[in-house]
Every structure is written in C-alpha cells, then in structure tokens.
Amino acid sequence: MNVYDATRMADLLGREGYAETAEEADADLVILNTCHIRERAAEKIYSELGKLALEKRARAAEGRDMKIVVAGCVAQAEGEEVLKRQRAVDLVVGPQSYHRLPDLLKQAKQGRRLTDTEFDVDEKFDALPQPSRAQIRARGVSAFVTVQEGCDKFCSFCVVPYTRGAEVSRPVADILAETQRLVDAGVREITLIGQNVNAYRGPDDKGQEWSLARLLAHLGEMEGIARLRYTTSHPVDMAQDLIDAHESIGKLMPYVHLPVQSGSDRVLKAMNRRHTGADFLDIIRRLRLARPDVAMSSDFIVGFPGETDADFADTLALIREVGFAASFSFKYSPRPGTPGAERTDQIDEEVKRERLAALQSLLEEQRQAFNAATVGKTIEVLFEKPGRHEGQIAGKSPYMQPVHVSGPADMIGETARVAIVAAGSNSLAGRLVGKGEEAKA
Ligand code: SAM
Ligand code: SF4
C-alpha cells in the first residue's frame, strides 16, 4: 500500500512541476513515506531524518532550499511530535490527507511548519490525478489498484485501525476507470489492494454493493488483463463467493496470501482474530477444492504476550499441516495504544528470537520444497523486465516466483509457457516452450 501511495504522490506532484530523482542530492523535496507497523520501522525514520537534517543544513549554507516531508502511518500516529523531535521537518502528512500536499507545500514555502492528519478517504481519491501513459509504462506491466482502505478489526497487536482509520471501499466505477487506464497503457497484471481487501463492499452506480468476488469477475472480462491478484485478506472475510472465484475466474492467480498469525486458538483469541486454527484450515480445504493447485502464503507473529511453548508448537503444527509457498514472519512488537502493549506478560526478547528462528527455518524449508517441486513442470510466466544477463528476460510464475529464461526483450508484457529446469534459492530458471494461454483466458 505504501508503494501505491508513493506513486500517487509522485503523480500529484508531477502536476505541480516536480520530477522524480533517484539521487537524494538532487532533491529539492524529500518525502519519507513511513510505516508504523513495528517499532523498528518507526525508529528507522528518525535516524533517516537525522541524516536529511544534516544535508538540509549543508544546502542552506550554499543558499539552496530543501523541504522534508514525513508521510504515512508514523506521520498519522505521531503528528506534531515529529515536528518537535526533528526541527528540520517541514510537513507531516497522514496517509488519508496526502492529496493536500500541493497546498501544504505552498504554505511550507512561506516558512510554516504544518501537520495534516485528517481522515478524508473519499476526498483523497477524488483529488488525486491519474498518471500519464508514459508514467504507467515506466512503472512496468504489473500495477496495484487500491480498492479498500482502513480496518475495523482491532487485532490487539495492530496499529492499522488507528493510523489508517475505519474500513472504506472505493466505488466500483472509480476502480474500473483506474484499472482501464492502466490496462490501456500496457499493464497486464492488476493486484487489488487493501488492508482487508476481502472486506471490500463498494457501491456501483445504482447504489448496489459489490463484493470482491464480483469485482474480480468483472475485471476478469476486461480485455488486456492477463492476471488478477488481491492482497491482503483476513480469514473472517474469506467468503465462499471469493473462494469460488478461484475456480470460475481463469485470470485469478492460484496464490492466496492469508495471514493467520498463530496456530494456537488461545493466542488467536487473545489477538482478537475472531477465528480458530480449524477455521483457517477449513478455508484452505475449500480453496483447494475450488482450485487444486492453489498455493498459500501467510503472516506469522511469534512471542505475542502470554504465548507458551505449547502455543508456539501449535503454530509449527499448523504450518506443517498447510505447507506454505512463502511467508512473512515477525517478532511481536508492542505498539503504543494497542491492548497487546498493555499486557504484563510480555515475552522475553531472547525467547522471541529463538521462536522466530525455528519458525523461519521451517517456512524456508517449505519455500525451497515448493520451488523444487516446480522443476520439470511447465508453467505460465508473465515477463516483466530484462534479466540480469544479456539475452535474458525475467518474469513471475502464477505463484509469485521469479523466473529467468533466454528470450527476446519484445516478450516483456507477454505471458508464455516455460519449462522449469532448475530452482535456485530465490528464483527459477526455465526454457520457453510456447505462447501463453492466460492472456486469452
Ligand atoms: N490486515 C492483514 C491481516 O489481518 O492479517 C495484515 C495487515 S498488517 C499491515 C501486516 C502484518 O504485520 C500482519 O499480518 C502481522 O503479521 C504484522 N504485524 C502487525 N502488527 C504487528 C506487531 N505489533 N508486531 C509484529 N508484527 C505485526
Ligand atoms: Fe491489523 Fe489486519 Fe488486524 Fe486490521 S485485520 S487490525 S490490519 S492485523
């Protein structure tokens, strides 16, 4: 979501005459688009701001100006505190108010230091300009479209409901228009994104609410789209129509990211996840019925307050039962203002570290096994960019695995069938065997 927000900020500021630069030293304006999900992510911002403050002072000595903006969820959570803690910051702008950046920057040029952390999701999307064809092309053949923002779930470890606000779904017509524009400029893969993307309930022009499954079915008919994905889902919103969509929509990729966090029912309850381990396994059973080749990925947290060795063993058992293609896993990080942080039974850092290492070694074993199992199979690849070596092109399998083949650069943006000949630790190597089917599906 931060990648999506950053590109929308670039589109917005492009209209004001700003151009992106890869060199910090060239920038008249630096925006840090921040994440507040774990303490380390938030703390990194201040060390980065310290470096930028030195750069700003050096520039001022040469008579040049540089504006520093803190955007994203740290901006939302800490607001004016950021201005107090780092004098070099000019603006603090939350994830639901960055559409006001042009006006805020004008005020900053007059020497005002400002904070804007209002929640105006609808106003934000209406105010954001669409990127040009050239901008879309430069960003590649795969694009994100935000369909939903915010969260009403209040898991007891998580800051998202406080930083992104309540669940809001964008209207169907806006999503279709944004997607059509991307596809017209050559985008082949669309990933619908939201903090709880499967809680999507967006109105159409007649005021009828569409589910995510209905939206995906409609996009599945859009000419030019080769692949559809969605992320991130919550198990309680995994409705049967969405599970069925994996059977009926050929362009919907057989890969589902479904965070479970823990395999212990006791911990899941304490986390306020509102489902059990058995509920999660049942969703996967139904997904596999609908689409036997579906691959799963997930998020895990180790060391939530009160987590015992037995609870942790339940998590490992669930992982063994499912078999994940990939996963993200984290040590629990107490976040100010969340119920988890108030608990007095916090887990020792050393225990968290040991559990994370054990969990990650099991997940890594499963990821390698999943990759090795593709060797000898023929799979569809969507080519995205030139490969690292001359004459190579690189793309992704339906299961998000990077794949390299020898092939012509004009196949970038196309799908093709590839025989997988080897699995490395992070990517697959293959041989082109034919034109893709997905594009026609
Ligand atoms: N909405 C998604 C869901 O319900 O699972 C997840 C969104 S959250 C931005 C991404 C992941 O960050 C979570 O799935 C969780 O594993 C992790 N996370 C969130 N808060 C955390 C915390 N306090 N400590 C460690 N990991 C955390
Ligand atoms: Fe955070 Fe996801 Fe829980 Fe919402 S559902 S509070 S975003 S972990």
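The values are calculated or read from the model by the stated rules, or taken from the named source; none is laboratory data. The shown structure was predicted, so the numbers you read here are calculated from the model rather than taken from an experiment. Note: ideal-geometry Cβ built from the backbone for every residue, glycine included; neighbour counts use all protein chains shown. The protein model used for the area step is the full one, side chains on, heavy atoms only, and it has no ligands, DNA or RNA in it. Shrake-Rupley method; radii C 1.70, N 1.55, O 1.52, S 1.80 Å.
Rounded to the nearest 20 debye, the dipole magnitude of the chain is 640 debye, with +1 charges on Lys and Arg beta carbons, -1 on Asp and Glu beta carbons, and the Cα centre as origin. Every Cα-Cα pair of the chain was included, and the share exceeding 34 Å stands at 38 percent. Overall shape: prolate for the range 273-386, with the ratio a/c of the largest to smallest alpha carbon gyration tensor axis at 1.5 or above and a/b above b/c. Calculated on the alpha-carbon coordinates, the convex hull of the range 143-190 measures out at 82 cubic angstrom per residue. Across the chain, C-alpha contacts under 8 Å between residues 6 or more apart give a mean separation that, scaled by the residue count, equals a relative contact order of 10 percent. Eigenvalues of the alpha-carbon gyration tensor of the range 130-282, scaled by 5 and square-rooted, set the equivalent ellipsoid semi-axes at 29, 17, 15 angstrom, largest first.
Between A61 and R286, residue separation times 0.36 nm minus the direct Cα-Cα distance comes to 74.6 nm. Stretched out straight at 0.36 nm per residue, the stretch from A341 to Y46 would grow longer than its current Cα-Cα span by 104.0 nm. Taking all Cα-Cα distances within the range 369-420, those exceeding 17 Å account for 28%. Accessible area per residue for the range 65-170, computed on protein heavy atoms with a 1.4 Å probe, is 40 Å². Element breakdown for the chain at a 1.4 angstrom probe: carbon and sulfur atoms account for 51% of the accessible area. Sorted on the mean count of surrounding Cβ atoms within 10 Å across their residues, most packed first, peptides 46-54, 157-165 read 157-165, 46-54. Calculated accessible area for the range 277-318 comes out at 35 Å² per residue, all protein chains present (probe 1.4 Å; ligands, DNA, RNA ignored). For the range 1-104, the share of DSSP beta bridges that are antiparallel, to the nearest 5, is 0%.
In the range 310-381, taking the dipole from charged Cβ atoms about the Cα centre, the farthest positive-side position among T344, P334, A369 is held by A369.
Legend: distances between Cα atoms for K44/K84; K84/K331; K67/K106; pairs beyond 21 Å are K84/K331. When both bridge partners sit in the chain, DSSP labels roughly 40% of those beta bridges antiparallel.
Relative to the 2.2 N^0.38 Å rule of thumb, the range 344-435 has a C-alpha radius of gyration ratio of 1.44. Once all Cα-Cα distances of the range 169-249 are split into 10 Å bins that start at 0, what whole-number percent is in each one? Result, from short to long distances: 18, 54, 28, 1 percent. Rg/Rh for the range 11-123 (Cα atoms only, Rh after Kirkwood) is 0.94. Restricting the calculation to Cα atoms, the range 222-300 shows an Rg/Rh of 1.01 when the hydrodynamic-style radius is the Kirkwood one. Classification of the range 100-217 by its C-alpha gyration tensor yields an oblate form. The axis ratio a/c (a ≥ b ≥ c) is 1.5 or more, and b/c is at least a/b. Between A19 and R87, residue separation times 0.36 nm minus the direct Cα-Cα distance comes to 21.9 nm.
In this simple spin-label approximation, E123 and T232 carry label points 7 Å from Cα along the Cα→Cβ vector, and these lie 2.8 nm apart. Projecting the Cα atoms of A217, A166, F144 onto the charge dipole of the chain, computed from C-beta unit charges around the Cα centre, puts F144 farthest toward the positive end. Across the range 234-334, the mean sequence separation of Cα contacts (distance under 8 Å, 6 or more residues apart), normalised by length, yields a relative contact order of 33 percent. Pairs exceeding 25 Å between alpha-carbon atoms, taken from K56/K109; K124/K206; K385/K435; K153/K251: K153/K251. For the range 171-282, the residue among I249, H275, P203 whose Cα projects farthest onto the positive side of the dipole built from Cβ charges is H275.
Protection proxy ranking, highest mean first, for peptides 10-21, 87-98: 87-98, 10-21, where packing is the per-residue count of other beta-carbon atoms within 10 Å, averaged.
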